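Student: So that we are looking at the same thing, I have put the structure below in structure tokens.
The values are calculated or read from the model by the stated rules, or taken from the named source; none is laboratory data. Everything quoted here is computed from the prediction, not taken from an experiment. Every residue, glycine as well, gets a Cβ built from its backbone with ideal geometry; the counts of neighbours run over all protein chains shown.
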Amino acid sequence: MITLLDYGAGNVRSVRNAIRKLGYEVKDVARPEDILAAERLVFPGVGSYGNAVHRLHELGFIDPLLEYIRADRPFLGICVALQLLFEGSEESLGVTGLGIIPGQVKRFVTPDLSVPQIGWNGIVRRKSSPLFTGYNGEKLYFVHSFRAMPDDTNKDWVLSTTNYGEEFISSVQKGNVAATQFHPEKSGEAGLNILKNFLSASSLQDSEGGESGETHLAKRVIACLDVRTNDAGDLVVTKGDQYDVRDEGEVRNLGKPVELAGRYFAEGADEITFLNITGFRDFPMKDQPMLEVLQRTSEQVFVPLTIGGGIREFTDSEGKYYTSLDVASEYFRSGADKVSIGSDAVYTVEEYLKTGEKTGKSSIEQISIVYGAQAVVISIDPRRVYVKSPDETQHATIKTAFPGPDGEQYCWYQCTVKGGREGRDVDAVQLATVCEKLGAGEILLNCIDKDGTNSGFDIELINQVSQAVSIPVIASSGAGKVEHFSEVFAKTSAEAALAAGIFHRQEVPISAVKEHLKSKNIETR
Ligand code: 1PR
């Protein structure tokens with residue numbers, strides 16, 4: 001029996017699912033006494049540092065947690081829970097952490113790299129530990145903006161380090177108390193194995209005998225499933241051609257969402273994204289099948305899951321009002337790690353551009369404050385607008401190597417809403433930069449002109465947007481062959497590349513993309 005400390009601030013469903021998948025039962029901490037009664041305690045920290053400390057105080061968990069840890073009883077903290085073991089964090093100044101390990105957690109200082117660090121990175125084991133039995137150097141999944149650094153005061157705790165511009169602590173252990181900055185429950189088989197070692201080892205004692213070296217963040221390959229209900233009422237994975245998903249009047253049906261996601265996990269996808277493409281007109285909370293898709297997928301898929309479509313405020317037919325935070329929370333509870341916001345981000349940016357002021361009320365701000373920036377992805381659906389000269393528009397233009405139909409040498413990228421149906425007076429750079437200011441943690445950059453064409457990513461668009469922001473950019477739309485992936489990583493600073501059609505139609509297996517990237521010396525998982 002494993003005891004889980006869930007203070008109700010995010011997706012701990014995946015930790016729960018991973019423990020169950022490994023054959024253990026989960027008991028939740030309901031009262032402070034449950035902590036001291038635990039045989040083995042798993043503590044997945046989610047949300048911001050300050051919010052976590054606040055919740056632990058509110059629930060009366062701080063003292064029993066300190067007593068449990070000081071008694072050297074089996075403890076595994078994950079992500080923010082590792083950071084909570086330290087004295088405090090720059091993320092929430094003035095908030096006191098558990099103070100078990102000396103030192104402060106600080107924000108990454110990596111001017112050339114995106115923050116948050118999102119993705120698969122290695123670890124260098126600085127000590128031996130039963131947690132690493134069977135571990136063969138695989139990369140593990142990280143998602144964080146803050147990190148603890150190794151120094152003389154904490155060196156007896158450092159179990160592994162990782163490099164991301166600087167060397168930071170990726171796991172700690174002393175005796176039976178351990179914590180990881182990475183997410184074992186989201187790190188595929190390698191992560192599940194580390195979790196299993198914690199759950200099953202008779203003794204967790206760490207010992208001398210570390211290694212040296214450096215690690216590198218991998219470029220991610222993401223499989224995207226556009227999901228909608230077809231005319232027969234079934235929820236299907238579909239795929240558009242420049243966003244037109246109908247073929248001879250029928251919605252294209254490329255398979256069942258849960259099964260396809262399972263296949264992509266087995267084939268080595270680094271992440272899976274579901275886009276509920278009619279979410280802009282249907283209310284997703286009523287769309288229970290979509291929530292069920294997430295619930296069932298998260299039982300068998302142990303890499304990050306993103307869900308988009310319909311993340312916005314809503315009043316239902318009975319007059320009940322839901323904030324966008326309510327909608328997102330429902331998705332997180334069902335197993336999503338990130339939500340992706342499309343149309344609503346465009347409306348938010350339009351409002352922001354009128355005043356230049358944050359309201360604190362937008363879906364981006366609300367969700368980011370509670371779940372963290374890394375949980376908020378902005379899905380941009382831009383389309384090229386050609387102009388003869390940059391003076392013709394106030395939008396950010398580029399000189400393009402692919403002139404327009406009348407020989408136009410310049411273009412800008414117009415944002416659209418409602419699945420590309422309606423263009424707005426906002427360009428992709430404005431959208432990305434304002435959303436970053438409002439607290440978004442990642443950009444999913446589609447391109448309507450390229451979608452479904454198999455002609456390669458729009459390198460010009462990806463460069464224009466990724467140079468304007470410091471958060472990670474996912475390149476999307478147009479992948480047709482493995483070379484398109486190496487091209488996008490060689491010519492842009494995109495951190496991930498997403499594809500749909502070629503994976504669904506089994507034209508290019510994910511493993512072939514990975515092998516090709518490796519042959520080009522591009523770091524992969
Ligand atoms: O506006 O917040 O409700 O979100 C709706 C979401 O649904 C947006 O993220 C939007 O991109 C997506 N969407 C809406 N309509 C469509 C459509 O296709 N008719 N799908 C659509 C967009 C784009 C990509 C696609 C890549 C790769 N799909 O995600 O997977 O272009 O395709 P490829 O590799 O086959 O070229 P809201």
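Student: Within segment 149-156, can one find any residue that is crowded, with 20+ Cβ neighbours inside 10 Å and under 21 Å from residue 75 (Cβ atoms)?
Tutor: no
Student: What's the number of the only condition in (1) in contact with a Leu (Cβ under 9 Å, 6 or more places away or on another chain); (2) assigned to a helix (DSSP H, G or I) that residue 173 fails to meet?
Tutor: It fails just one condition, (2).
Student: Restricting attention to segment 117-134, which residues are closer than 30 Å to residue 377 by Cβ and out of contact with any strand residue (DSSP E or B) (no Cβ under 8 Å at 6 or more places or on another chain)?
Tutor: If the condition is that a residue be closer than 30 Å to residue 377 by Cβ and out of contact with any strand residue (DSSP E or B) (no Cβ under 8 Å at 6 or more places or on another chain), then no residue fits.
Student: While we're here: Is there a residue in segment 351-366 that is closer than 25 Å to residue 290 by Cα, in contact (Cβ under 8 Å) with a residue 60 or more places away in the chain, not small (Gly, Ala, Ser) and not in a loop (DSSP other than H, G, I, E, B)?
Tutor: yes
Student: Sticking with this one: Which helices (runs of 4 or more DSSP H) does segment 42-124 wholly contain that include 3 or more residues that are aliphatic (A, V, I, L, M) and under 23 Å from residue 175 (Cα atoms)?
Tutor: By residue number, 62-70, 80-84.
Student: Considering every residue within segment 497-513, establish whether at least one is more than 25 Å from residue 257 (Cα to Cα), in contact (Cβ under 8 Å) with a residue 12 or more places away in the chain and crowded, with 22+ Cβ neighbours inside 10 Å.
Tutor: The answer is no; no qualifying residue exists.
Student: Considering segment 1-25 alone, what residues qualify as being under 25 Å from the mean Cα position of the chain (by Cα) and either of a type in the set (Phe, Trp, Tyr) or not in a loop (DSSP other than H, G, I, E, B) (or both)?
Tutor: 4, 7, 13, 14, 15, 16, 17, 18, 19, 20, 21 - these are the residues of segment 1-25 that are under 25 Å from the mean Cα position of the chain (by Cα) and either of a type in the set (Phe, Trp, Tyr) or not in a loop (DSSP other than H, G, I, E, B) (or both).
Student: I need a count of the residues in segment 374-390 that are within 16 Å of the ligand (Cβ to nearest atom) and either at pLDDT 95 or above or surrounded by fewer than 19 Cβ atoms within 10 Å (Cβ to Cβ) (or both).
Tutor: Residues meeting the conditions: 9.
Student: I've got another one for you. Looking for whichever is modelled with pLDDT under 95 and not basic (Lys, Arg) here; the options are 171, 187, 212. Which one fits?
Tutor: Of 171, 187, 212, the one residue that is modelled with pLDDT under 95 and not basic (Lys, Arg) is 212.
Student: Which residue out of 272, 277 is surrounded by 17 or more Cβ atoms within 10 Å (Cβ to Cβ) and either under 17 Å from residue 13 (Cα atoms) or assigned by TED's automatic domain parsing to the domain that holds residue 117 (or both)?
Tutor: Going through 272, 277 in turn, the sole match is 272.
Student: Any residue that is in a strand (DSSP E or B) and closer than 22 Å to residue 379 by Cα - is there at least one of those in segment 198-220?
Tutor: Within segment 198-220, one or more residues are in a strand (DSSP E or B) and closer than 22 Å to residue 379 by Cα.
Student: On the given criteria, is residue 272 of a type in the set (A, V, I, L, M), at pLDDT 95 or above and within 13 Å of the ligand (Cβ to nearest atom)?
Tutor: yes
Student: Restricting the search to segment 332-371, which residues are of a type in the set (D, E, K, R) and either closer than 24 Å to residue 414 by Cα or surrounded by fewer than 23 Cβ atoms within 10 Å (Cβ to Cβ) (or both)?
Tutor: Within segment 332-371, 333, 344, 350, 351, 354, 357, 358, 361, 365 qualify.
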